[in-house]
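Report on one structure; see the data block that follows.
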């Protein structure tokens, strides 16, 4: 296992080194030549930046103190900006080829300034956008909904990723936002934590202020399940939030089933959990799970509405394209599968680079019509 992890880290680091070398060489190639050629300070800076995120991640797995948090946050931000600089480098060479072929009177330097400048603006916009949490209101119509639930509101929160980048202050902000919205029930669909070293009890403490007539419920996401998820479940439970351990509860006639990620991602295991839950097909039901991996299994079991997060919508280009290819229509928003509705949220936080461009952090209010 350790050898596999070491190999994975080595591969990621090699990719980052090559990517940074490509960006550096592109930038210098598009600048006026210096005589004689020399290794610049910029080369050393890029060499350090190329190892920053891997080294920060390795430290974050073991330590949770302010120096590591600052270093990890800075490295994560740079990784997001590097993504756009890498795309700018590719675009610069393509544009340069077009300029040479068409003999346009445009200098190499101007080509680089145009694309790298756009990349810098994109990074700044993504960084700012990731902090602007929206409230999205979505009307939902479920068959066989108990009369007492008509007009009721569900607050869905997912993917806060509390840890080195976002801490107690961010958790308090989310809780305060939900409190102002006054939902009837609160559902937390996993990845509350980032999964690295953290004071999990302290990070969960703001959840004590959550209040709703039908309560608050939580299931674990994949980031809580990098190892044993017990410490996360215990911390959330101690803060007054009900942990649904692959079980069903009935709230004023509405069935709510919560399944942790590791059991929901496998079709056979999810099918067994839903079978054991004895879903009443003649009454509305909600499946709370982390990812939209097995919606067909939930629909087959008679679930009325599946709610989840996990995808982040990809956060920013080009990962928005990759996640769309993996999850299709279920990458984001409200969609129908047979007689079941599936809603996937972008999530409130971020993973890795704290940037969002083309997607927005959100808290969702589902209103039963």
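What follows is calculated from the coordinates using simple rules that are stated; it is not laboratory data. Owing to the predicted nature of the structure, the values given are computational and were not obtained by experimental measurement. Every residue, glycine among them, receives a Cβ derived from its backbone with ideal geometry; neighbour counts consider all protein chains shown.
Annotations
- Sequence-separation-based contact order of region 213-316, relative, with Cα cut under 8 Å and 6+ spacing, percent: 24
- Region 1-136, relative contact order [Cα under 8 Å, separation at least 6], %: 27
- Judged by the gyration tensor of its Cα atoms, with axes a ≥ b ≥ c, region 191-299 is oblate; a/c meets the 1.5 cut and b/c is at least as large as a/b.
- Cα-only radius of gyration and Dmax that characterise region 154-254, units Å: 12.8, 40
- Three principal axis extents of region 2-116 based on alpha-carbon atoms, in descending order, are 55, 28, 23 Å.
- Dimensions of region 315-369 based on its C-alpha atoms, expressed as ranges along the principal axes with the largest first, amount to 36, 24, 15 Å.
- Region 88-210 - Rg (one decimal) and Dmax (whole number), Cα, Å: 23.4, 71
- Computed from Cα positions, the angle between helix 267-277 and the longest principal axis of the chain comes to roughly 30 degrees.
- For the pair residue 141 and residue 271, the difference between a 0.36 nm per residue extended length and the Cα-Cα distance amounts to 44.3 nm.
- For the chain, modelled as a GNM whose springs connect Cα atoms under 10 angstrom apart, the maximal fluctuation among 63, 44, 322 occurs at 44.
- Rounded Å value of the spacing that divides the Cα centres of region 255-312 and region 1-32: 40
- Length available on full extension from residue 14 to residue 168: 0.36 nm per residue minus the Cα-Cα distance, which gives 52.0 nm.
- Distance between the modelled labels on residue 121 and residue 278, one decimal in nanometres: 6.2 nm (7 Å Cα→Cβ projection).
- Pairs of Cα atoms nearer than 8 Å and 6+ residues apart set the relative contact order; for region 327-369 it is 27 percent.
- Ranking of 356, 281 by count of other Cβ atoms within 10 Å, fewest first: 281, 356
- Value at 222 nm in deg cm²/dmol, rounded to 500, when DSSP H runs of n ≥ 4 in the chain each add -39,500 (n - 2.57): -14500 deg cm²/dmol
- Cα centroid separation - region 119-173 against region 185-239, whole Å: 15
- Max mean-square fluctuation residue, GNM over the chain, Cα-Cα springs under 10 Å, options 222, 308, 282: 282
- Per-residue packing, averaged as other Cβ atoms within 10 Å, sorts the ranges 74-85, 94-105 into the order 74-85, 94-105, beginning with the highest.
- Angle between the chain longest axis and helix 108-129 axis [Cα atoms, degrees, rounded to 10]: 20
- For the chain, a Gaussian network of Cα nodes joined below 10 Å ranks 257, 331, 135 by mean-square fluctuation, and the top entry is 135.
- Taking each residue as 0.36 nm, the span from residue 324 to residue 110 lengthens on full extension beyond its C-alpha to C-alpha distance by 73.6 nm.
- Angle of helix 66-102 to the longest C-alpha principal axis of the chain, folded into 0 to 90 degrees and rounded to 10: 60°.
- Rg and Dmax of the chain, Cα atoms only, in Å: 23.2, 81
- Over region 264-369, volume per residue of the alpha carbon convex hull, in Å³: 104
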